Amino acid sequence: MAQPISFRNSGAARARHAKAMLLPIARAIADDLALRVHLSLDALRRGVGSKTDAQTLTQIMLLTAHLAEAGFGSMSREELCAADRTASAVFDIGRTHDEWKLDEAGFELFASIAMNYDRQLHRAPLWAITEASERLDRFMAGSPDPAPARKRA
């Protein structure tokens, strides 16, 4: 009797996974992720945002910085520091007055970051997005962050 072919630990499955990690994420997923960011950005611009919207923009700020460190897109240290100060101000005012909003300069800064994030989602390979997301998760959990990954040639 013939033995059934097992696909559990096949090299083909590993090869498909490795290839998928080199490709950008699916356009529909990238568009959905970007839309969430733009909705949060718009809500904060109009002064009807929430703590969740501020958290979303802060996470995107960090993800964009991590992806830029890995060689995908760009974000200067000055831009990151300015965005961090802006996000801190949004949280301070939001917690004190329950008003979650961005001023015009903050909106312009985070709009630039959101556009950069959009480009990164459509161009960066899955491995880079996964590593950036894992770095963000470690940061949020208070775990140490290993050295950032560099773009592989």
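The table that follows gives values for the structure above.
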read-out	value
First in the range 39-66 and under 21 Å from E79 (Cβ atoms) and at pLDDT 95 or above, second anywhere and of a type in the set (S, T, N, Q) and crowded, with 23+ Cβ neighbours inside 10 Å, Cβ under 6 Å, 6 or more apart	D53/S40; T56/S40; L57/S40
In the range 88-109, the residues that are among the charged types (D, E, K, R) and within 17 Å of I60 (Cα to Cα)	K101, E108
Members of the range 43-79 that are assigned to a helix (DSSP H, G or I), under 26 Å from E131 (Cβ atoms) and aliphatic (A, V, I, L, M)	A54, L57, I60, M61, L62, L63, A65, L67, A68
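Residue by residue, here is whether (1) free of Cβ contacts under 8 Å to residues at least 12 places away in the same chain; (2) surrounded by 16 or more Cβ atoms within 10 Å (Cβ to Cβ); (3) not in a helix (DSSP H, G or I) holds:
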site	(1), (2), (3)
C81	yes, no, no
S88	yes, no, no
L102	no, yes, yes
F107	no, yes, no
I113	no, yes, no
Q120	no, yes, no
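The values are calculated or read from the model by the stated rules, or taken from the named source; none is laboratory data. Predicted model only: the values in this text are computed from it and were never measured. Positions of Cβ are generated from backbone atoms using ideal geometry, with glycine treated the same way; all protein chains shown enter the neighbour counts.
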